[in-house]
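The structure appears below as structure tokens.
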Amino acid sequence: MDKLTSIECDPECGFMVRSHDRKEVMDTARSHVKMKHGMDVSDNDLKKKMKAM
Ligand SMILES: [Zn+2]
């Protein structure tokens, strides 16, 4: 099984997604940023924020 991966938004926002599925983590984080912050993020930006646990 893949490692548990997580992406956290900034602390004021408090959003966090955690899954064994890296693609799911990225997709969920991307749509969060799009919906809540009105921004588009690249795969690279998401990967930088991604942490393995
Ligand atoms: Zn956020």
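List, in order, the whole-Hz ³J(HN,Hα) value for each residue of region 7-14 obtained from phi through the Karplus relation with A = 6.51, B = -1.76, C = 1.60 and θ = phi - 60°; use x for Gly and Pro.
Going residue by residue, I get 10, 10, 7, 5, x, 5, 6, x Hz, with x marking Gly and Pro.
In whole Hz and in residue order, list the ³J(HN,Hα) couplings for region 40-53 that follow from phi through the Karplus curve 6.51 cos²θ - 1.76 cosθ + 1.60, θ = phi - 60°; x for Gly and Pro.
Each residue of region 40-53 in turn: 9, 10, 7, 4, 4, 4, 5, 5, 5, 7, 6, 10, 8, 10 Hz.
Could you tell me which residue out of Met16, Val33, Ala52 lies farthest along the dipole of the chain toward its positive end? Charges go on the beta carbon: Lys and Arg +1, Asp and Glu -1, centred on the Cα centre.
Ala52
Which trypsin sites (Lys or Arg not before Pro) does the chain hold that lie in a coil by DSSP with at most 14 other beta carbons within 10 Å? Mind dumping the intermediate values first?
Values: sites: Lys3, Arg18, Arg22, Lys23, Arg30, Lys34, Lys36, Lys47, Lys48, Lys49, Lys51; in loops: Lys3.
When the trypsin sites (Lys or Arg not before Pro) of the chain are filtered for loop state and at most 14 Cβ neighbours within 10 Å, Lys3 remain.
Under unit Cβ charges (Lys, Arg +1; Asp, Glu -1), what dipole magnitude, rounded to 20 debye, does the chain have relative to its Cα centre?
On the way: 11 positive and 10 negative charges, 26 e Å.
Here the size comes out at about 120 debye.
Simple spin-label model, 7 Å along Cα-to-Cβ: Ala52 to Asp40 in nm?
3.0 nm
Apply the Karplus curve 6.51 cos²θ - 1.76 cosθ + 1.60, θ = phi - 60°, to the phi angles in region 18-35 and return the couplings in whole Hz, x for Gly and Pro.
Whole-Hz 3J(HN,Hα) from phi for region 18-35: 9, 7, 7, 9, 4, 5, 5, 4, 5, 5, 5, 5, 4, 6, 4, 4, 5, 6.
For region 6-53, state the semi-axes of the equivalent ellipsoid (square roots of 5 times the eigenvalues of the alpha-carbon gyration tensor), sorted largest first and rounded to whole angstrom.
Values for region 6-53, descending: 15, 12, 10 Å.
Values in this text are rule-based calculations from the coordinates and carry no lab data. Keep in mind it's a predicted model, so treat the numbers as computed, not measured. Please note: Cβ atoms are built from the backbone with ideal geometry, for glycine as well, and neighbour counts cover all protein chains shown.
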